[in-house]
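Input: a single structure, listed below in structure tokens.
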Amino acid sequence: GAGVSQSPSNKVTEKGKDVELRCDPISGHTALYWYRQSLGQGLEFLIYFQGNSAPDKSGLPSDRFSAERTGGSVSTLTIQRTQQEDSAVYLCASSLAVIAGGRSDTQYFGPGTRLTVL
Amino acid sequence: DAKTTQPPSMDCAEGRAANLPCNHSTISGNEYVYWYRQIHSQGPQYIIHGLKNNETNEMASLIITEDRKSSTLILPHATLRDTAVYYCIVRVYNQGGKLIFGQGTELSVKP
């Protein structure tokens, strides 16, 4: 079946502009995650959504970052007033549930959106 | 979450077994060991996970020591396509679904 898809695959923007990154999770997956990976850095958790629960925003680096998930499916990550340090690959993942240890919490990642802020 | 320690890089000859170690000496009784890998320019890919028993699937085997302080991921017949960064992650049961990635091991499979 279809995996996690993200769009656009590449985004170049100017400093100070707002950007929106989109994630389409695997159908039926109730949990959705955003991570980012800066050049030469590891993967950094940003935010996750689980069903109708309040999202865990603990990884968002600043209030310029926000995300929403409409209808329990598609998610949009918005970065306002982009800065050069926001340049990174933004990865989205989804899973059936968040219960650790069971097969249902395996996270499936999309190909990412490469954001370049000039 | 328990901290993991992995060697930064390893080489393996094509067709041979690749054995990737991971130390997690502070692991708690209800924490699981997960392995993901990231091939260049792709998103991470789940490989395998376990609690205390050895596990095997179509991709790899996971050997966890009896005291659970370390584990080894085994790729039985490494191919060039297995060249990737491999991440060992230990997860707390009730702390939500986020994965905390370390630096991982960069495995280079050579012909």
Inset, instruction - Write out, first by first residue and then by second, each pair whose Cβ atoms fall under 8 Å of each other, whose residues are 6+ apart or on separate chains, and whose first residue, in the stretch A:9-28, is under 16 Å from A:Tyr48 (Cα atoms) while the second is among the hydroxyl-bearing types (Ser, Thr, Tyr) and part of a loop (DSSP other than H, G, I, E, B). - result: A:Asp24/A:Ser73; A:Pro25/A:Ser73
Inset, instruction - Look through the stretch B:85-111, keep the residues that are within 14 Å of chain A (Cβ to nearest Cβ), part of a strand (DSSP E or B) and of a type outside the set (Lys, Arg), and return whichever of them is farthest from B:Gly15 (Cα to Cα). - result: B:Val90
Inset, instruction - For the stretch B:53-83, enumerate the residues that are of a type outside the set (A, V, I, L, M, F, W, C), in contact with a strand residue (DSSP E or B) (Cβ under 6 Å, 6 or more places away or on another chain) and surrounded by fewer than 14 Cβ atoms within 10 Å (Cβ to Cβ). - result: B:Asn54, B:Asn57
Legend entry - strands (runs of 3 or more DSSP E) contained entirely in the stretch A:1-67, each with at least 3 residues that are at the interface with another protein chain (Cβ under 10 Å from one of its Cβ atoms) and within 20 Å of B:Gly97 (Cβ to Cβ): A:31-37, A:43-50
Inset, instruction - Scan the stretch B:25-45 for residues that are free of Cβ contacts under 8 Å to residues at least 40 places away in the same chain and surrounded by 20 or more Cβ atoms within 10 Å (Cβ to Cβ) and report the count. - result: 1
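I'd like the residue in the stretch A:23-39 that is surrounded by 12 or more Cβ atoms within 10 Å (Cβ to Cβ) and over 16 Å from A:Val89 (Cβ atoms) and, out of all such residues, is nearest to the chain's Cα centre (by Cα). Full working, then the answer.
Step one: filter the stretch A:23-39 for residues surrounded by 12 or more Cβ atoms within 10 Å (Cβ to Cβ), giving A:23-26, A:29-38.
Among the residues that remain, those that are also over 16 Å from A:Val89 (Cβ atoms) are: A:24-26, A:29-32.
Values: A:Asp24: 10, A:Pro25: 10, A:Ile26: 14, A:His29: 15, A:Thr30: 14, A:Ala31: 12, A:Leu32: 8 Å.
This residue is A:Leu32.
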Inset, instruction - Kindly indicate whether any position in the stretch B:64-84 is modelled with pLDDT under 95, closer than 28 Å to A:Gln50 by Cβ and not in a loop (DSSP other than H, G, I, E, B). - result: no
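In the stretch A:75-118, which residue that is β-branched (Val, Ile, Thr) and at pLDDT below 95 is surrounded by the most Cβ atoms within 10 Å (Cβ to Cβ)? Talk me through it step by step, then tell me what you get.
Filtering the stretch A:75-118 for residues β-branched (Val, Ile, Thr) gives A:76, A:78-79, A:82, A:89, A:98-99, A:106, A:113, A:116-117.
Retained after the next criterion (residues that are at pLDDT below 95): A:98-99, A:106.
Working: A:Val98: 22, A:Ile99: 14, A:Thr106: 17.
Applying the filter and picking the extreme gives A:Val98.
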Legend entry - Residue under evaluation A:Gly42, criteria (1) surrounded by 12 or more Cβ atoms within 10 Å (Cβ to Cβ); (2) under 16 Å from A:Arg114 (Cβ atoms); (3) of a type outside the set (A, V, I, L, M, F, W, C); (4) at pLDDT below 90, criterion not met: (2)
Inset, instruction - Residue by residue through the stretch A:60-82, note down the ones that are of a type in the set (Gly, Ala, Ser), free of Cβ contacts under 8 Å to residues at least 24 places away in the same chain and within 23 Å of A:Tyr108 (Cβ to Cβ). - result: A:Gly71
Inset, instruction - Just name the residue that is nearest to B:Ile27 (Cα to Cα) out of those in the stretch B:84-111 that are β-branched (Val, Ile, Thr) and crowded, with 19+ Cβ neighbours inside 10 Å. - result: B:Val90
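The values are calculated or read from the model by the stated rules, or taken from the named source; none is laboratory data. Just so it is clear, the model here is predicted, and its values are computed rather than measured. Methodologically, a virtual Cβ is constructed for each residue, glycine included, from the backbone with ideal geometry; neighbour enumeration extends over all protein chains shown.
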